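S.K.: First, the structure itself, so that you have it in front of you.
The values are calculated or read from the model by the stated rules, or taken from the named source; none is laboratory data. Keep in mind the model is a prediction, meaning the values are calculated, not measured. Cβ atoms come from the backbone with ideal geometry, glycine included; neighbour counts cover every protein chain shown.
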Amino acid sequence: MKVGVIGLGRMGSGIAQSLLRAGHEVSVYNRTPEKAQALVALGASAAGSIADACLGDAVITVLANDAAVESVVFAEAGILANLAGAIHISSSTISVSLAERLTAAHSHARQRFVSAPVFGRPDTAAAGQLVVAAAGAADAIQAASPLLDAMGRTTFIASDTPKVANLIKLSGNFLFASVIESLGEALALVEKAGVDRQKYLDFLTSTLFDLPVYKLYGGLIVREEFEPAAFEAQLGYKDIRLALAAADDLRVPMPLGGLLRDRFLTLLAHGGDHLDWSAIGALPARDAAEVTSSG
């Protein structure tokens, strides 16, 4: 298929690589053109504008937040104004309310739209091993499936209503953040008692919690390996706030979500914007540190 990819951060670049590897004809666009150079070297073509990226069978947006998606889709020279027979696949982590707006706008313009946010980190994106949560009209999902298959190792078709996929993505990131916070607290507890953190983590992840998510984030916390960030803390904060906004609309209390929002806010207040979001797992040890004074 001929596909445009808009947004060449680490995830967008990884997705473009996986599409190229699968044999698709890929054009790439980013506000900073220099970010396209490495992909052009791999066989992509550089789109000179958003309109140019919309000329194929589909355009995939992989952008940081609601504002970035809105500026690309609703601008005078944006996707909505330039999408002809192509499908817009939104793989950005955005609010449920924006997903509703996108669905309505594309429907009004008689355009096809699929929400397909992804779970994974940049290395899994580049390897085509993401987990994709997709929602949209059946014909649009079917038409987009070769691209979704190239992006991920599995695709979960959530609903024919696009916003459902976005809610699933936000709920999943809430669960990941919950694991990070709980791991940080458990590690701080045993460390304060003199237990070696790495040995404790090895025990957990080889017995009771033999799961990739515990191995990945536990390792990052133990090694304090928060730079370079695969997923920045400021984006984690954004996602928890979006999950809480969705919970407000649905009248679902999420007390743990409130705690996580405050943990991310604490990290950001101490200058941790560009650390990996797993850095909230270091806060419990800092909170538990013994403070000595002299004089």
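S.K.: When you scan the stretch 1-52, how many residues do you find that are under 22 Å from Asn65 (Cα atoms) and of a type in the set (A, V, I, L, M, F, W, C)?
M.R.: Residues flagged as under 22 Å from Asn65 (Cα atoms) and of a type in the set (A, V, I, L, M, F, W, C) within the stretch 1-52 amount to 12.
S.K.: Scanning the stretch 222-235 for residues that are in contact (Cβ under 8 Å) with a residue 60 or more places away in the chain and in contact with a strand residue (DSSP E or B) (Cβ under 9 Å, 6 or more places away or on another chain), which turns out nearest to Ser171 (Cα to Cα)? Show your work before the answer.
M.R.: Here is the first cut: in the stretch 222-235, the residues in contact (Cβ under 8 Å) with a residue 60 or more places away in the chain are 230-231, 235.
Keeping just the survivors that are in contact with a strand residue (DSSP E or B) (Cβ under 9 Å, 6 or more places away or on another chain) gives 230-231.
Values: Ala230: 19, Phe231: 16 Å.
If we take residues in the stretch 222-235 being in contact (Cβ under 8 Å) with a residue 60 or more places away in the chain and in contact with a strand residue (DSSP E or B) (Cβ under 9 Å, 6 or more places away or on another chain), then Phe231 is nearest to Ser171 (Cα to Cα).
S.K.: Assuming Gly136 fulfils every condition listed in (1) among the small types (Gly, Ala, Ser); (2) without any contact (Cβ under 8 Å) to a residue 40 or more places away in the chain; (3) surrounded by fewer than 18 Cβ atoms within 10 Å (Cβ to Cβ) apart from one, which condition is it?
M.R.: The one condition Gly136 does not meet is (3).
S.K.: With Gly23, Gly43, Gly14 as the choices, which residue is farther than 27 Å from Leu235 by Cα, in contact with a helix residue (DSSP H, G or I) (Cβ under 6 Å, 6 or more places away or on another chain) and at pLDDT 95 or above? Please lay out each step first, then the result.
M.R.: Numbers: Gly23 fails: in contact with a helix residue (DSSP H, G or I) (Cβ under 6 Å, 6 or more places away or on another chain); Gly14 fails: farther than 27 Å from Leu235 by Cα.
Within the list Gly23, Gly43, Gly14, the selection yields Gly43.
S.K.: Considering only residues of the stretch 264-282 that are buried (at least 21 other Cβ atoms within 10 Å of the Cβ) and assigned to a helix (DSSP H, G or I), which is farthest from the chain's Cα centre (by Cα)? Full working, then the answer.
M.R.: First pass over the stretch 264-282, keeping only residues buried (at least 21 other Cβ atoms within 10 Å of the Cβ): 264, 267, 272, 275-282.
Still in the list and also assigned to a helix (DSSP H, G or I): 264, 267, 277-282.
Values: Phe264: 16, Leu267: 19, Trp277: 11, Ser278: 14, Ala279: 17, Ile280: 17, Gly281: 19, Ala282: 21 Å.
Among residues in the stretch 264-282 that are buried (at least 21 other Cβ atoms within 10 Å of the Cβ) and assigned to a helix (DSSP H, G or I), the one farthest from the chain's Cα centre (by Cα) is Ala282.
S.K.: Going by the conditions given, is Ser95 touching an Asp or Glu at 6+ places or on another chain (Cβ under 6 Å), touching a residue at least 24 places away in the same chain (Cβ under 8 Å) and not aliphatic (A, V, I, L, M)? Outline the logic, then answer.
M.R.: Details: touching an Asp or Glu at 6+ places or on another chain (Cβ under 6 Å): yes; touching a residue at least 24 places away in the same chain (Cβ under 8 Å): yes; not aliphatic (A, V, I, L, M): yes.
Yes.
S.K.: Has the stretch 101-111 got any residue that is touching a residue at least 60 places away in the same chain (Cβ under 8 Å) and not in a strand (DSSP E or B)? Break it down stepwise before answering.
M.R.: In the first step, residues of the stretch 101-111 are kept if they are touching a residue at least 60 places away in the same chain (Cβ under 8 Å); the result is 102-103.
When the remaining residues are screened for being not in a strand (DSSP E or B), the result is 102-103.
Yes; the residues of the stretch 101-111 include at least one that is touching a residue at least 60 places away in the same chain (Cβ under 8 Å) and not in a strand (DSSP E or B).
S.K.: Next question. Which members of the stretch 193-250 meet the condition of being under 12 Å from Asp276 (Cβ atoms), among the hydrophobic types (A, V, I, L, M, F, W, C) and outside any loop (DSSP other than H, G, I, E, B)? So that I can check it myself, show each step before the final result.
M.R.: Residues of the stretch 193-250 that are under 12 Å from Asp276 (Cβ atoms), as a first pass: 216-217, 219-221, 223-236.
Right, trim to among the hydrophobic types (A, V, I, L, M, F, W, C) and you get 216, 220-221, 226, 229-231, 233, 235.
Result: Leu216, Leu220, Ile221, Ala233, Leu235.
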